[in-house]
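Asks: Here it is: the structure, laid out below.
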Amino acid sequence: TTFAAPTLPIAPRGQKPIIAQASRTVGSMQDEYTQRLKSIGDIASLVNAGSDLDTILERIVYAVCHHSFWSMSSIMALDRIAGHSILVKQFDPYTPKDRPHPDRWDLSTSPTVRVIENNRPLVIADAPASVEFPGYRADAVARGYRTVAILPLRAVDSNGRPMVLAVQSRQRIEVSEH
């Protein structure tokens, strides 16, 4: 939708009237909003096309990266009995498949417990420099990502373990936890 800007008195030489600038901004915001809704719809379609939990989770990690600015994503399960955060599904087009990398992290070095217990997202602004989460620091250095956002999924895996969605960016970006 385009909004018509009313005619303004003379603007400073070489500048467009402020309201004309604002109407363009509103239009671009609506385009961005429409694109986000389309992306959410695409993700929902991919998820709904799955019949079993394993397929649905695989499609989620794929769709998140193909419909956002995140480079990689994974779903982790909290296994309190084993004392680990366990990798359930992962989308990482950058790490060679033949290169070994961990599929579990000790809960004492993992933010998964905090995210699930607080039921709130957590952002690690610069994972390779993270002192608080050494498991993420080592993984970030090995796989080449910087910013991480971890969100509670409010769902359990096939073993009844609570899960989180972790998304990673190869560049450092500003992300709010709210």
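The values are calculated or read from the model by the stated rules, or taken from the named source; none is laboratory data. These numbers were taken from a predicted model, which means no experiment stands behind them. No Cβ is skipped: glycine too gets one built from the backbone with ideal geometry, and neighbour counts run over all protein chains shown. Please note that ligands, DNA and RNA were not included when accessible areas were found on the heavy atoms of the full protein model with its side chains. Shrake-Rupley method; radii C 1.70, N 1.55, O 1.52, S 1.80 Å.
Asks: Do any residues in region 130-149 that are without any contact (Cβ under 8 Å) to a residue 40 or more places away in the chain and of a type in the set (Lys, Arg) have Cβ atoms under 7 Å from those of residues that are surrounded by fewer than 18 Cβ atoms within 10 Å (Cβ to Cβ) and assigned to a helix (DSSP H, G or I), where the two are at least six apart or on different chains, and which pairs are they?
Replies: Once the first residue is without any contact (Cβ under 8 Å) to a residue 40 or more places away in the chain and of a type in the set (Lys, Arg) and sits in region 130-149, its partners that are surrounded by fewer than 18 Cβ atoms within 10 Å (Cβ to Cβ) and assigned to a helix (DSSP H, G or I) give 137/128; 146/128.
Asks: Given the condition under 21 Å from residue 173 (Cβ atoms), aromatic (Phe, Trp, Tyr) and at pLDDT 85 or above, answer yes or no: does some residue in region 93-101 qualify?
Replies: Within region 93-101 (the criterion being under 21 Å from residue 173 (Cβ atoms), aromatic (Phe, Trp, Tyr) and at pLDDT 85 or above), the answer is yes, since at least one residue qualifies.
Asks: Determine which single condition residue 160 fails, assuming it passes every other condition in (1) in contact (Cβ under 8 Å) with a residue 60 or more places away in the chain; (2) in a loop (DSSP other than H, G, I, E, B).
Replies: Status for residue 160: all satisfied but (1).
Asks: How about region 100-134: which of its residues are buried (at least 21 other Cβ atoms within 10 Å of the Cβ) and assigned to a helix (DSSP H, G or I)?
Replies: 112, 115, 116, 127
Asks: If you take the residues in region 135-150 that are hydrophobic (A, V, I, L, M, F, W, C) and over 14 Å from the mean Cα position of the chain (by Cα), which one is least open to solvent (accessible area, probe 1.4 Å)?
Replies: 140
Asks: Right, next: Using the structure shown, decide if residue 166 is crowded, with 21+ Cβ neighbours inside 10 Å and among the aliphatic types (A, V, I, L, M).
Replies: yes
Asks: So which of 54, 126 is among the charged types (D, E, K, R), touching a strand residue (DSSP E or B) at 6+ places or on another chain (Cβ under 9 Å) and over 23 Å from residue 177 (Cβ atoms)?
Replies: 54
Asks: Moving on to the next point. Within the bounds of region 80-91, is there any residue that is touching a helix residue (DSSP H, G or I) at 6+ places or on another chain (Cβ under 8 Å), crowded, with 19+ Cβ neighbours inside 10 Å, at pLDDT 85 or above and part of a loop (DSSP other than H, G, I, E, B)?
Replies: No.
Asks: I'm trying to understand the selection: among the residues of region 37-72, which are of a type in the set (Val, Ile, Thr), at pLDDT 85 or above and more than 13 Å from residue 88 (Cβ to Cβ)?
Replies: Scanning region 37-72 gives a single hit, 64.
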